[in-house]
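Engineer: Pasting a structure below so you can have a look.
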Amino acid sequence: MKIRKAIIPAAGLGTRVLPATKSMPKEMLPIVDKPAIQYIVEEAAKAGITDVLIITNRGKEVIENHFDHSIEIETALESKGRTETLAQVTAAANICNIYYIRQKETKGLGDAVLRARNFVGDEPFAVLYGDDVIIGETPAIAELIEAYEAFGKCVVGIKEVSDELIVKYSSLKVEKQDDKTYSVSDMVEKPSLEEKFSNFSILGRCVLTSEIFDILEETPLGAGGELQLTDAMKAIAIRDGMTGVDFSGTRYDMGNKFGILKANIEVGLKHPETRDELREYIKELAQEL
């Protein structure tokens, strides 16, 4: 069955990047001239996904406003003949069909995904974490969808990370299949170094089947006293196996201060409006350090 639906959990509190996120959702923090979440929605659309559910919470209405039309701004741009900027502004409202639901209590990623049950129905679906922007020539979620279609198993996007990060993320038991594809047979959320299976971790993308909802309903609270999606996926990995895809794009952690800076510098160095000035500025700065 073709994957046409995706969910983007965007209900986190953004505590790692306070005070910037006290009144601004971290998903709306800009990478040069677009908010982080727009890159994620665009990735889904480029992969052929037509319907996206964004899971929010109180105070994140600005996300809905961003993906809507702004008649005042659009009219002003049109009257001034700024057609290129007008096209960029209106594009956000026309990427794909976007829906919203609130996670009324912050109970973890698993609970957020569970809120999407009625939206998904019985279809396979994609999950794109709201913290993770992945930029590359091929949409990362498209690589996972391709693996789902090839192997018929649930898929996770994976990368090798340091020991320092593995204890904050997840650890997967993997066996290599080809250059970028792995068989996943077990996983653990936020392991100690003694508990880790490998340094491969899930980073921001999954393709799942609707059976995950029944599993989540039966999954006890895990790390941090929250319902962990990893704990539910673990049951599938042990029973049926999953596929891990070492995706080709560059991942930016937008819930991390350095990740935000890195994203803006690297994207800024490629953006036609900023690349030349930014490159010269970095050269000058490097000479002063």
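Bear in mind that the values in this text are calculations on the coordinates, not laboratory data. Given the structure is predicted, the values throughout are model-derived calculations rather than measurements. No Cβ is skipped: glycine too gets one built from the backbone with ideal geometry, and neighbour counts run over all protein chains shown.
Engineer: Pulled fully out, how much extra length does the chain show between Ser162 and Met1, if you take 0.36 nm times their separation in residues and subtract their Cα-Cα distance?
Structural biologist: Roughly 54.3 nm would be gained on extension.
Engineer: Between Asp131, Asp214, Asp231, which gets the highest mean-square fluctuation from a Gaussian network model of the chain, Cα cutoff 10 Å?
Structural biologist: It is Asp214.
Engineer: Could I ask something else about it? Looking at segment 29-61, which trypsin sites (Lys or Arg not before Pro) are DSSP coil and have at most 13 other C-beta atoms within 10 Å of their C-beta?
Structural biologist: Arg58
Engineer: Antiparallel DSSP bridges in the chain: what percent, to the nearest 5?
Structural biologist: The antiparallel proportion sits near 60 percent.
Engineer: Run the quick spin-label model on Glu149 and Glu211: label points 7 Å from Cα toward the beta carbon, then report their separation in nm to one decimal.
Structural biologist: The answer from the label model is 2.2 nm.
Engineer: Between Gln38, Gln103, Gln177, find the one with the highest GNM mean-square fluctuation for the chain; connect C-alpha pairs within less than 10 Å.
Structural biologist: Evaluated over the chain, the most mobile residue of the options is Gln177.
Engineer: Is there a pair in Lys180/Lys270; Lys5/Lys60; Lys60/Lys153; Lys2/Lys26; Lys107/Lys173 whose C-alpha atoms are over 24 Å apart, and which pairs would that be?
Structural biologist: From the list (Lys180/Lys270; Lys5/Lys60; Lys60/Lys153; Lys2/Lys26; Lys107/Lys173), the Cα-Cα distance tops 24 Å for Lys180/Lys270; Lys60/Lys153; Lys2/Lys26; Lys107/Lys173.
Engineer: For the chain, what D do you get in µm² per second when you plug the Kirkwood radius from alpha-carbon pairs into Stokes-Einstein at 20 °C and 1.002 mPa s?
Structural biologist: Answer from the Stokes-Einstein relation: 108 µm²/s.
Engineer: Order these peptides, 200-207, 113-120, 8-15, by their mean beta-carbon neighbour count within 10 angstrom, highest first.
Structural biologist: Listed from highest to lowest mean packing, they are 200-207, 8-15, 113-120.
Engineer: Can you pick out the pairs among Lys168/Lys262; Lys104/Lys257; Lys176/Lys257 whose Cα atoms lie more than 22 Å from each other?
Structural biologist: Among Lys168/Lys262; Lys104/Lys257; Lys176/Lys257, the Cα-Cα distance tops 22 Å for Lys104/Lys257; Lys176/Lys257.
Engineer: Right, another one. Give me the one-decimal nm value for the distance between modelled label points at Arg239 and Leu269, 7 Å along each residue's Cα-to-Cβ direction.
Structural biologist: 4.6 nm
Engineer: Also: If you add up the charges near Arg275, with Lys and Arg at +1 and Asp and Glu at -1, over every other residue whose beta carbon is less than 14 angstrom from its beta carbon, what do you get?
Structural biologist: -3
Engineer: Something else now. Would you please name the GluC sites (Glu not before Pro) within segment 228-279 that are DSSP coil residues with at most 10 other C-beta atoms within 10 Å of their C-beta?
Structural biologist: Those that pass, being in a loop and sparsely packed, are Glu273.
Engineer: Springs between alpha-carbon pairs under 10 angstrom, Gaussian network model over the chain: which of Ala223, Ala235, Ala45 fluctuates most?
Structural biologist: For the chain, modelled as a Gaussian network with Cα springs under 10 Å, the answer is Ala223.
Engineer: Between Leu193 and Glu288, 0.36 nm times their residue separation minus their Cα-Cα distance comes to what?
Structural biologist: 30.2 nm
Engineer: Mean Kyte-Doolittle of at least -1.0 plus a Cα span of 27 Å or more along the axis: flag which DSSP H helices in the chain meet both, please.
Structural biologist: none
Engineer: Among the GluC sites (Glu not before Pro) within segment 76-179, which fall in a DSSP loop and have no more than 15 other Cβ atoms within 10 Å of their own Cβ?
Structural biologist: In loop regions of segment 76-179 (DSSP not H, G, I, E or B), the sparsely surrounded GluC sites (Glu not before Pro) are Glu105, Glu137.
Engineer: Be a star and scan segment 1-20 for residues whose amide nitrogen sits under 13 Å from the point 7 Å along the Cα-to-Cβ vector of Glu123.
Structural biologist: Label zone hits: 1-7.
Engineer: Once the piece of chain linking Ala91 and Lys257 is laid out straight, how much longer is it, given 0.36 nm per residue of separation minus the C-alpha distance between them?
Structural biologist: Residue separation times 0.36 nm, minus the Cα-Cα distance, leaves 57.0 nm.
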